[in-house]
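Here the structure comes first, spelled out in structure tokens, and everything after it is commentary.
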Amino acid sequence: MPKKKKRKWQQTSYGLPANHQWTARPGNKVFVADRGKAIFEVPGDWTISPNPDGSGSIRFFDKPKEDDADMRLEFSIIYPPLRYPDTGLPIDWSGLPLTKLIADSALGGDTRGITNRGQFQHSWRDDIELAWLEVDFHDPGEDRPAHSRISLSRGPGVYAFITLDFWPEDSHRAHQVWDCVMETLKLGGETLNLDGSKQSPLRRLSMN
């Protein structure tokens, strides 16, 4: 089979107007994926980079360099099919438990050697459903125990898969970061402009 081409990333900086509509908690910055389909806050001094494996995920580190980082947050956005291809009828995904998806997909394919698995946490907020749990594993590179929080959230027409890896001694700080990400997560919103305002609908021209 032909190899999948790795996604190419391009970084561009834009200056925001003084009256922009982006807001965040003190000390945080806002991350926006696909022009508003997923939004959450991360600490303002964390660095961000695309996953070099070409999977399309985005990673955040608490240090300028990945090799020096004590915590790593990773995010992926997923768009499920909305209609059956043969009939065109809408698909209702609400009956598929998020906990089962995490257990079957994320935990089932985890090769890190999980040593302990916590209880699932499950909640709803507005039109978002969230599920997550914490696991322990042995980091082979550092040869010591580590923790990971694994979450899957569902909003209108979109899923967010978020993980946070951290060392036991950083648990308190990691839990604060995790709580902030979960509390500020928004999914399936309207397409946004660069200044945070909602995108105006296209005007149709008519000729008489």
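Results, tabulated for the structure shown:
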read-out	value
Apportionment of accessible area to carbon and sulfur, the chain, percent (1.4 Å)	52
Global geometry of the range 118-201, whether rounded, prolate or oblate, following the gyration tensor of its Cα atoms and the 1.5 cut on a/c	prolate
Anisotropy class of the range 57-138 from Cα gyration tensor, a/c 1.5 cut	prolate
Fluctuation leader among ARG144, ARG117, ARG25 - the chain, Gaussian network, Cα springs under 10 angstrom	ARG144
Of GLU129, GLU190, GLU142, the one that fluctuates the most in a GNM where the chain has Cα springs shorter than 10 Å	GLU142
The range 1-130 shape via C-alpha gyration tensor axes, a/c threshold 1.5	rounded
The chain: most fluctuating residue of ALA24, ALA131, ALA160 per GNM, C-alpha cutoff 10 Å	ALA24
Average silhouette area of the range 55-208, convex hull of alpha-carbon atoms, in square nanometres	14.0
Accessible-area value, ARG35, 1.4 Å probe, nucleic acids and ligands omitted, Å²	120
Longest site-free stretch - the chain; sites: chymotrypsin sites (Phe, Trp or Tyr not before Pro), DSSP loop, at most 12 other Cβ within 10 Å	15-208
Angle between the chain longest axis and helix 171-184 axis [Cα atoms, degrees, rounded to 10]	20
Rounded to the nearest 10 Å², the accessible area of THR99 at probe 1.4 Å	40
Residue-averaged [θ]222 nm for the chain, counting only DSSP H segments that reach four residues, each worth -39500 (n - 2.57)	-2500 deg cm²/dmol
Using a Förster distance of 35 Å, the FRET efficiency for GLN21-ASN51 (Cβ separation, nearest 0.05)	0.75
Exceeding the 31 Å Cα-Cα cut-off - candidates LYS63/LYS198; LYS37/LYS63; LYS63/LYS100	LYS63/LYS198; LYS63/LYS100
Spin-label model distance (nm) - TRP124 vs ARG112, 7 Å beyond Cα toward Cβ	3.1
Distance between modelled label sites at ASP86 and ARG173, nm, 7 Å Cα→Cβ extension	5.4
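The values are calculated or read from the model by the stated rules, or taken from the named source; none is laboratory data. Quantities reported herein were computed from a predicted structural model and do not represent experimental measurements. For neighbour counting, all protein chains shown are included, and Cβ atoms are generated from backbone atoms with ideal geometry for every residue, glycine included. Side chains included, ligands, DNA and RNA excluded: accessible areas come from the protein's heavy atoms. Shrake-Rupley method; radii C 1.70, N 1.55, O 1.52, S 1.80 Å.
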